[in-house]
Amino acid sequence: MCIALFLWQAHPLYPFFLLHNRDEYFSRPTEPVAWWDNGDILGGRDGLAGGTWLACSRNCKIAFVTNVREVAKGPQPKSRGDLPVRYLESKMNPTEFAEEVVMEAHQYSGFNLILVDLCSKSMIYVTNRPKDDKALVSEVPPGIHILSNASLDTPWPKAVLLRSNFEKFLEKYGAGELPAEDMADKLMRDTTKADKTTPPGVYSVEFEYLLSSIFVEANTEQGCYGTRSISALSVKTNGEVSFYEKYLKESWKEHKVSYIMEQTGTS
């Protein structure tokens, strides 16, 4: 489970601004945000399957994925974390890669995938669990968007709360610089729970209740589960990228990586 709020082509200083929580079992091996072996991909890495939930590249690309809340069934499917990596390693633009993913979408459990190319100002949303017979692939319009474990911009209570609190920050800072680290701390560590009658009802009422906050903390029969990393990823109009991460590894740690995107044209 994860939740992401992002601002796309709707701010004079930031063509892209993202706040993101990754929720996972604490026992699952995970590597914090770092440059990968080839030095072209920056992101966290799942130590079990090898993929990522959120990463970016030197050449204008960003990708992140969330699962769709559903009860698992059937044989072990392909890892959804491979999808962002494949996009970032490819020479395809978001639309081209989305078309490739659709051809194999049935091989994965439910997912939501965001593909970004800053150079061409393109953002595409891909899902294999479309809501109300909508398209599997769609272009994301400029504005504020929320992605959790249902379709893009589904108004789950915690999504509505996060958007509302984010908008208050925007009102305060206007067209100026946004305090990304402060926003991550204040907005993404919110433990406010939804009313027990409002969650989607995929899991038990008690587990749904524990998952209904932006920042998740839960004890389950499989072990501790909850938010393991909080990220703020921003791209300025001059191509400056800042990737801040606060992550849990025995205790909470934090670090930040900055670089300039290579704006050499569309990919």
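The values are calculated or read from the model by the stated rules, or taken from the named source; none is laboratory data. Nothing here was measured: the structure is a model prediction, and the numbers come from that model. Quick reminder, even Gly has a Cβ in these numbers, built from the backbone with ideal geometry, and neighbours come from all protein chains shown.
Taking into account only those residues within region 186-230 that are over 20 Å from residue 164 (Cα atoms) and among the polar types (S, T, N, Q), which is modelled with the lowest pLDDT? Please lay out each step first, then the result.
Step one: of region 186-230, the residues over 20 Å from residue 164 (Cα atoms) are 196-197, 200-210, 217-229.
With among the polar types (S, T, N, Q) added as a condition, the list becomes 197, 204, 219-220, 222, 227, 229.
Values: 197: 77, 204: 83, 219: 92, 220: 91, 222: 89, 227: 98, 229: 98.
Within region 186-230, the match that is modelled with the lowest pLDDT is 197.
Can you find even one residue in region 72-82 that is among the acidic types (Asp, Glu), assigned to a loop (DSSP other than H, G, I, E, B) and closer than 29 Å to residue 236 by Cα? Full working, then the answer.
At the first step, the residues of region 72-82 found to be among the acidic types (Asp, Glu) are 82.
Checking which are assigned to a loop (DSSP other than H, G, I, E, B) leaves us with none.
Among the residues of region 72-82, not one is among the acidic types (Asp, Glu), assigned to a loop (DSSP other than H, G, I, E, B) and closer than 29 Å to residue 236 by Cα, which makes the answer no.
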Response to the item:
Taking first residues from region 198-213 that are over 22 Å from residue 187 (Cα atoms) and second residues anywhere that are among the hydrophobic types (A, V, I, L, M, F, W, C) and modelled with pLDDT under 85, the pairs with Cβ under 7 Å that are 6 or more apart or on different chains are 202/71
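For residue 99, state whether it is closer than 25 Å to residue 156 by Cα, out of contact with any strand residue (DSSP E or B) (no Cβ under 6 Å at 6 or more places or on another chain) and touching a residue at least 12 places away in the same chain (Cβ under 8 Å).
Details: closer than 25 Å to residue 156 by Cα: no; out of contact with any strand residue (DSSP E or B) (no Cβ under 6 Å at 6 or more places or on another chain): yes; touching a residue at least 12 places away in the same chain (Cβ under 8 Å): yes.
Here the answer is no, as residue 99 does not meet what is asked.
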Worksheet item: Of 184, 218, which residue is touching a Leu at 6+ places or on another chain (Cβ under 7 Å) and free of Cβ contacts under 8 Å to residues at least 12 places away in the same chain?
Response: 218
Worksheet entry | Hits in region 126-146 - residues which are assigned to a strand (DSSP E or B) and either farther than 27 Å from residue 101 by Cβ or not small (Gly, Ala, Ser) (or both) | 126, 127, 137, 139, 144, 145, 146
Worksheet, complete the sentence: Note on residue 143: of the conditions (1) touching a residue at least 24 places away in the same chain (Cβ under 8 Å); (2) surrounded by 12 or more Cβ atoms within 10 Å (Cβ to Cβ), unmet is (2)
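Every residue, every condition in (1) buried (at least 20 other Cβ atoms within 10 Å of the Cβ); (2) of a type in the set (Ser, Thr, Tyr), yes or no:
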{"residue": "21", "(1), (2)": "yes, no"}
{"residue": "31", "(1), (2)": "no, no"}
{"residue": "44", "(1), (2)": "yes, no"}
{"residue": "63", "(1), (2)": "yes, no"}
{"residue": "66", "(1), (2)": "yes, yes"}
{"residue": "77", "(1), (2)": "no, no"}
{"residue": "89", "(1), (2)": "no, no"}
{"residue": "95", "(1), (2)": "no, yes"}
Worksheet item: Before we move on, is residue 152 of a type in the set (A, V, I, L, M), over 17 Å from the mean Cα position of the chain (by Cα) and either surrounded by 13 or more Cβ atoms within 10 Å (Cβ to Cβ) or at pLDDT 95 or above (or both)?
Response: no
Practice prompt. Go through 53, 35, 8 for me and flag whichever is hydrophobic (A, V, I, L, M, F, W, C), buried (at least 23 other Cβ atoms within 10 Å of the Cβ) and modelled with pLDDT of 95 or more.
Written response: 53
Item to complete: Restricting attention to helices (runs of 4 or more DSSP H) lying wholly within region 147-260, give those where 2 or more residues are more than 28 Å from residue 109 (Cα to Cα).
Response: 157-173, 180-187
Worksheet item: Limited to region 97-129, what total is found for residues that are over 16 Å from the mean Cα position of the chain (by Cα) and either under 23 Å from residue 60 (Cβ atoms) or surrounded by 14 or more Cβ atoms within 10 Å (Cβ to Cβ) (or both)?
Response: 16
